[in-house]
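What follows is a single structure, written as structure tokens, with notes after it.
The values are calculated or read from the model by the stated rules, or taken from the named source; none is laboratory data. Every value quoted in this text rests on a predicted model; they were computed, and no experiment measured them. Positions of Cβ are generated from backbone atoms using ideal geometry, with glycine treated the same way; all protein chains shown enter the neighbour counts. These area figures cover heavy atoms from the full protein model, side chains too; ligands, DNA and RNA do not enter into them. Shrake-Rupley method; radii C 1.70, N 1.55, O 1.52, S 1.80 Å.
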Amino acid sequence: MSGPYVLMSLPGHPGGAVAAVSTLLPRSRPFGPRGWRPGRTPAIVEIMADPTAADDVPPRHDTREAVLFGGVYGAVLASSLVAALSTYGHSSRASRRYDALWLLVTALASALAHGYAHFVAERRPSRRWDALRTVGEEWPLVVAVLPTVFVLAGAGWGWWRPDGVEFPAFVLNISMLFGLGLVSARWSRRSWPKALLTGLLDALLGVIVVVANAVIK
């Protein structure tokens, strides 16, 4: 396409595209006394995608992937911390309240560190609240440890016996791992046998923590 080009931005166009407008000149008297004048032929417009526009859009992580990753990570983290905190035989109500608080703080710190690592690893132009948005996407990790925090806090508040509370926590987290694996496989449209196998493999992660806790003790 020949002729002069005028570049202009389209404010309403998605992705910040740029329009290149070429106006064809008439064959006779293309230039008048006052300079160049557009001819009567229709203008030709081409839409060209801005290659830098995609970099300005922050990436959005898939919610299902975030729930699966955060849920599995949080359940394994909760089981591991419960096993570690109960290794030395501290089973008083005060120690269970301490365990619950320590587990919650560890989950929040892990979510903050993992979200910030994602933000730094993206290496793209960032906006004002992109860091907070990326950290906020780690909420499944924190939610996954809340049931274990409740079990420990309930023992600390005297709702049930504080000794041996790690075993209900193990069963709870293993069940959560199995459910996450099953649901995520069904989300991916896998058959029920494959979904059950995926759930069992996820639950195996919790079983490994239980076995390791028994061997260490």
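Got at least one residue in the range 89-108 being open to solvent by 40 Å² or more (accessible area, probe 1.4 Å), at pLDDT below 70 and out of contact with any Ser or Thr (no Cβ under 7 Å at 6 or more places or on another chain)?
Within the range 89-108, the first condition is being open to solvent by 40 Å² or more (accessible area, probe 1.4 Å), and the residues that meet it are 89-94, 97-98, 101-102, 104-105, 108.
From the residues that got through so far, the ones that are at pLDDT below 70 too are 89.
Still in the running and out of contact with any Ser or Thr (no Cβ under 7 Å at 6 or more places or on another chain): 89.
Yes, the conditions are met somewhere in the range 89-108.
State the number of residues belonging to the range 172-203 that are loosely packed, with under 14 Cβ neighbours inside 10 Å and under 12 Å from VAL76 (Cα atoms).
So the count comes out to 0.
Does TRP160 count as free of Cβ contacts under 8 Å to residues at least 12 places away in the same chain, open to solvent by 40 Å² or more (accessible area, probe 1.4 Å) and within 19 Å of LEU85 (Cα to Cα)?
Working: free of Cβ contacts under 8 Å to residues at least 12 places away in the same chain: yes; open to solvent by 40 Å² or more (accessible area, probe 1.4 Å): yes; within 19 Å of LEU85 (Cα to Cα): yes.
Answer is yes for this residue.
If you take the residues of the range 60-83 that are in a helix (DSSP H, G or I) and loosely packed, with under 15 Cβ neighbours inside 10 Å, which of them is modelled with the highest pLDDT? Lay out the reasoning, then the answer.
Initially, the range 60-83 is screened for residues in a helix (DSSP H, G or I), giving 63-83.
In the following step, the residues that additionally are loosely packed, with under 15 Cβ neighbours inside 10 Å were identified as 63-65.
Values: THR63: 76, ARG64: 79, GLU65: 82.
Residue satisfying both the conditions and the ranking: GLU65.
For the range 132-149, enumerate the residues that are over 16 Å from the mean Cα position of the chain (by Cα) and open to solvent by 70 Å² or more (accessible area, probe 1.4 Å).
Correct list: LEU146 only.
Residues VAL135, VAL149, VAL171, VAL67: which one is touching a Pro at 6+ places or on another chain (Cβ under 9 Å) and β-branched (Val, Ile, Thr)?
On the way: VAL135 fails: touching a Pro at 6+ places or on another chain (Cβ under 9 Å); VAL149 fails: touching a Pro at 6+ places or on another chain (Cβ under 9 Å); VAL171 fails: touching a Pro at 6+ places or on another chain (Cβ under 9 Å).
One residue alone meets the criteria, VAL67.
From (1) out of contact with any Asp or Glu (no Cβ under 9 Å at 6 or more places or on another chain); (2) in a helix (DSSP H, G or I); (3) modelled with pLDDT under 90, pick out the condition that doesn't hold for PRO162.
(2)
Which one of the conditions (1) under 20 Å from VAL67 (Cα atoms); (2) in contact with a Leu (Cβ under 8 Å, 6 or more places away or on another chain); (3) of a type outside the set (Asp, Glu); (4) crowded, with 19+ Cβ neighbours inside 10 Å does LEU152 fail to meet, given that it meets all the rest?
So the condition that LEU152 fails would be (1).
Restricting to the range 180-196, give me the number of residues that are under 19 Å from THR63 (Cα atoms), hydroxyl-bearing (Ser, Thr, Tyr) and free of Cβ contacts under 8 Å to residues at least 24 places away in the same chain.
Number of matching residues: 1.
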